[in-house]
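One structure below.
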Amino acid sequence: ELSNQTRIGPIIDSEFYHETISRDRLFITFCGQLSKHVDMDRALDYCDFALGILKEGLIEFHEHNPDYKIVLGGNIDVMSKINFLLEKYELTFVEYGHYSHKDYYDNIDRAVAVICPASITTMLESITYGTPFIVLPEQDLSHFKNYEGMTTGANCQVKDRLETIFPGCLLMSYSDILGFVPDTIQNLYQTMKKIVNGEFPQITAKMKESY
């Protein structure tokens, strides 16, 4: 029998949280990106795909909120190569870089919203800092499971809210249009490239509506 049990929360650093702070930015994070399954080419393919989906929404946000920054963070090596994609999508007003631990949390703390893949850590960090988050299409297979777990494992009020906020943001939800379930890394990234190249325009249109 266990004794001296202690209830703990998720491993989230709340040290940099401020109850009152000026929220002056939109923070986009592409998270860690590189792994044994995702090399630099795939990481940049994801950036290409995600920025293409976000383009109109970010331009509209920038035009209507010129005093707000739009900040993009991600893996240090990927961020060093991303400028050509920001130029491609006319998003050169976006600040980008790899941020230190403190600066990363400062961005979340100061953001009016965080746009991120359905990384369980990033979603919980946003909740801890009281910052709304919007999910991006999945970078890997776990992201769909994370999203699914939050929508089906939460109470009904939260489940309904998540399904209302994030309709059609994840590629796995388009299996009827794709004709298959993108349930392998290879299928997932091949699908992204096809969408970037103009295939499945109905998916592109639906995803852009979501942002």
Surface accessible to a 1.4 Å probe, per residue, for the residues of the chain, Å²: 54
Accessible area of residue 122 in the full protein assembly, 1.4 Å probe (Å², nearest 10): 10
R0 of 45 Å, Cβ-Cβ distance residue 204-residue 19: FRET efficiency to nearest 0.05: 0.65
Selected from 32, 130, 198 as most flexible by GNM, with the chain as the system and alpha-carbon contacts under 10 Å: 198
Residue 56/residue 127 FRET efficiency (R0 35 Å; Cβ-Cβ; nearest 0.05): 0.80
For the range 1-35 versus the range 64-95, the gap between their alpha-carbon centres in whole angstrom: 24
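Going down the list 36/81; 102/145; 88/194; 55/194, which pairs span over 22 Å between their C-alpha atoms?
102/145, as the Cα separations exceed 22 Å there.
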Protection-proxy order for peptides 204-211, 138-145, each taking the mean of Cβ atoms within 10 Å per residue, highest first: 138-145, 204-211
Carbon plus sulfur fraction of accessible area for the chain, probe 1.4 Å, in percent: 50
Projected area, mean over directions - the chain, Cα convex hull, nm²: 14.2
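The values are calculated or read from the model by the stated rules, or taken from the named source; none is laboratory data. These numbers come from a predicted model, not from an experiment. For neighbour counting, all protein chains shown are included, and Cβ atoms are generated from backbone atoms with ideal geometry for every residue, glycine included. Just the protein is used for accessible areas: all its heavy atoms, side chains included, with ligands, DNA and RNA removed. Shrake-Rupley method; radii C 1.70, N 1.55, O 1.52, S 1.80 Å.
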